[in-house]
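Structure first, commentary second.
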Amino acid sequence: MTELNAIGITVADLPRSMRFYRLLGLDLPEDPADGHVEATMANGTRLMFDAEDVVRSFLPSWTRANGNQVSLAFECESPAEVDEVYARVVAAGFEGEKPPWDAFWGQRYALLGDPDGVRVNLYATLG
């Protein structure tokens, strides 16, 4: 049986992407080696980042497509943490797509954009 255990993102600027995801709490090295970096989540799933040159090394005709096909969701421990993480990332110069709000489905929610246009959702259950 197959099991999803990793999510890969191709990035244009690996050091900038690492800075963004470190602000979200991922444990990533300061100096990415060989254009590939990954972090293992508490549930064992790996989030992997590859520089465009790495992808072109095995798919020479690969090109970046514009779009919003992928989003990542990070669960925060509290509604206050949603606000804090959003503010920290935006203050560091990254895109804040939608500031935190209390969503009708019972969560504190916010939307960020990573350096390559991947939507990043932050959320926590409301009180």
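A few notes on this one:
- Taking the conditions (1) under 15 Å from ILE9 (Cβ atoms); (2) in a helix (DSSP H, G or I); (3) in contact with an Asp or Glu (Cβ under 9 Å, 6 or more places away or on another chain) in turn, VAL89 satisfies each one other than (1).
- Residues that are loosely packed, with under 12 Cβ neighbours inside 10 Å, of a type in the set (S, T, N, Q) and either more than 19 Å from LEU72 (Cα to Cα) or under 11 Å from the mean Cα position of the chain (by Cα) (or both) within region 1-37 comprise just one, THR2.
- In region 10-61, the residues that are charged (D, E, K, R) and assigned to a loop (DSSP other than H, G, I, E, B): ASP13, ASP27, GLU30, ASP31, ASP34
- Extreme residue, nearest to ALA124 (Cα to Cα), among residues of region 62-86 that are among the β-branched types (Val, Ile, Thr) and assigned to a loop (DSSP other than H, G, I, E, B): VAL70
- Hits in region 89-120 - residues which are out of contact with any strand residue (DSSP E or B) (no Cβ under 9 Å at 6 or more places or on another chain) and in contact (Cβ under 8 Å) with a residue 60 or more places away in the chain: ALA92
- Single residue of region 104-123 satisfying the filter (at pLDDT below 95 and among the small types (Gly, Ala, Ser)) that is farthest from ARG16 (Cα to Cα): GLY106
- Candidates in region 66-100 are the residues that are among the aliphatic types (A, V, I, L, M) and at pLDDT 95 or above; of these, the one that is surrounded by the most Cβ atoms within 10 Å (Cβ to Cβ) is VAL82.
The values are calculated or read from the model by the stated rules, or taken from the named source; none is laboratory data. Treat the numbers as computed from the prediction; the structure is a model and nothing was measured. So basically every Cβ, Gly included, is an ideal-geometry build from the backbone, and we count neighbours across all protein chains shown.
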